[in-house]
Amino acid sequence: MRISTAEVLDCLDQIPRVDILDEAQFATLLRSHFAKSRLEQSRFEHLYHLFFHEMLEDLDPLTEAAADQIETALQELMAKAQQNPLAVAVTEFLANRPEAYLRWLDGMRSEGEVEDNAPKGLAANAGGLVRRLEMLQTIRETRAALDGYLEANRTQIHWETRSRLRRLVHHRLDTAYRLMTTDQRPKVAPPNKIPVPDLYGELGRRSFAGLTPGEMARLRDAITRLVRMLRDAAGRRHKARARGVVDMRRTLRAAAQTQGVPLSLKFRHKPLRKGRIVVLCDVSGSVWSSARFMLTMLYALQDCFDRVRSFVFVDEPVEVTHYFDDFDVDRALEEILHSPDIAHGAATDYGRTLRFFKRIHMDTITKKTTVIVIGDGRSNYGNPEDAIFEEIRDRCRRLFWLNPESEQFWYSGDSEMRTYETLCNEVHHCQNLNQLTHFIKNLVI
């Protein structure tokens, strides 16, 4: 979380105005100064609970009295764990030094670096599961090691001290287990959905996947008219702003020559900036029937943007921008559909796609870039790599998701829309011309 020194000082200034022993007031004060978006509110809640509840020091006086014996037991466990970095992290967690353990937990969210010859399918997403099993086994071994230590020192340690030590360490191991098994994905409400106007009647409500040849021809004519209208509107908007906004300082300075009457307006010459678009498009199965219309409209409006770069994927991202540069839109879509570089028969894997995109193409995304993901979010129960998706969201200007699947199925089966939806600026159900037009109008104008 990005927190400036000024925000910390503002928070400290407000401390005397609340009762810091009232947790609701105290938490609200911190949240209001440090959490500035929906996602940051989720991060704040997680960190606040972790710091003030999960990792709270045990202040029991009896435990304090046994501090020396606890330290001796932990040193014994640490000596046995030296050959296993994960065991060292768990032991340090027991000693109230959680940093190493929390780093292990964070590493479980991603499969890490991916090689070109890495396995595909479920095997490509097994790394997180393997690390989770390894951590579970280490926690069990640490628990058994503590019980063995106490049993071996029955005559040296008083039974009350043994009881307190066992209770304390088991409580902290339970906390470590709970942190490992609890889903740490953002628990934030998805963006509000705006009602879509009915612009084209029955044709506009028909799903792209169910169009007849005649309806498809009418749809193409409607798209052509819409593209012409949006180009004209965008051109007028850029032309009107080409002279910039009024510069009040220069206008008032010039007015001194006419006794303070501003007869001549001065402008700041800052024309509107055209956006850069990066499209990530799922081309598997039924998604393609809808995605091709979305790509058609984006490239038909290409002169309204600074640059459009397109990547299609099933289980790995492939850049197809050059097809649109070399051919017209219809021919480009056909070339993409038959390209040997795209594994159309593979199982869809969003996690593997995001890992490859991060390694090879992440530099295409800057703060001037709008990222549009087109897909149904179904990843065959693989790792969704929400951490990488969140990194893309942080790097770009805006992140949109267009899902052609019916909304009633978004959260069923292998769909990861519940995960991805919370990380997007906007999520749109885009199954027909009305919905696509609504999105494109907002994007262009």
Per residue of segment 427-434, in order, report the coupling 6.51 cos²θ - 1.76 cosθ + 1.60 (Karplus, θ = phi - 60°) as ³J(HN,Hα) in whole Hz, putting x for Gly and Pro. 10, 10, 6, 10, 10, 9, 5, 4
Of I336, I157, I20, the most mobile residue in a GNM of the chain (C-alpha springs, cutoff 10 Å) is I20
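Evaluate the relative contact order of the chain (contact order divided by residue number), counting alpha-carbon pairs under 8 angstrom at least 6 apart; express in whole percent. It would help to have the intermediate numbers written out before the result.
Numbers: 554 pairs, mean separation 68.6, N = 445.
Relative contact order of the chain: 15 percent.
Please report the antiparallel percentage of DSSP beta bridges with both residues in the chain, rounded to the nearest 5.
In the chain, DSSP labels about 25 percent of beta bridges as antiparallel.
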Considering the Cα positions of segment 310-445, please state its Rg to one decimal place and its Dmax as a whole number of Å. 14.9, 40
Skipping prolines and chain starts, which residues have an amide H placed within reach, meaning under 5 Å, of the one on C281, given they are 5 or more residues away or on another chain? F311, V312, F313, I374
Of the labelled options (i) 0.97; (ii) 1.09; (iii) 1.02, which one gives Rg/Rh (Cα atoms, Kirkwood Rh) as computed for this structure? (ii)
Pick out which of A27, A100, A291 has the largest mean-square fluctuation in a Gaussian network model of the chain, springs linking Cα atoms closer than 10 Å. A27
With a cut-off of 8 Å between alpha carbons and a minimum separation of six or more residues, what is the relative contact order of segment 293-445 in percent? 18 percent
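Quick check: residue separation of T182 and A152 times 0.36 nm, minus the Cα distance between them. What number comes out in nm?
7.4 nm
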What are the ³J(HN,Hα) couplings of segment 350-367, residue after residue, when phi is run through the Karplus curve with 6.51, -1.76, 1.60 and θ = phi - 60°? Round to Hz, x for glycine and proline. 5, x, 4, 4, 5, 5, 5, 4, 4, 6, 10, 10, 4, 5, 6, 9, 9, 5
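With a 1.4 Å probe and every protein chain left in place, work out the accessible area per residue of segment 225-376 in Å², rounded to a whole number.
Roughly 50 Å² per residue, with all protein chains present.
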Carbon and sulfur atoms: what percent of the 1.4 Å accessible area of the chain do they account for? 52 percent
Taking every pair of Cα atoms in segment 279-387, average 1/r, invert it to obtain the Kirkwood radius, and report Rg/Rh to two decimals. 0.94
Could you give the nm distance between label points at C11 and H344, where each point is 7 Å from its Cα heading toward the beta carbon? 5.4 nm
Evaluate the relative contact order of segment 365-405 (contact order divided by residue number), counting alpha-carbon pairs under 8 angstrom at least 6 apart; express in whole percent. 66 percent
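The values are calculated or read from the model by the stated rules, or taken from the named source; none is laboratory data. In this text the structure is predicted, and so the values were computed from the model without any measurement. Cβ atoms come from the backbone with ideal geometry, glycine included; neighbour counts cover every protein chain shown. The area values use the complete protein model at the heavy-atom level, side chains included, leaving out ligands, DNA and RNA. Shrake-Rupley method; radii C 1.70, N 1.55, O 1.52, S 1.80 Å.
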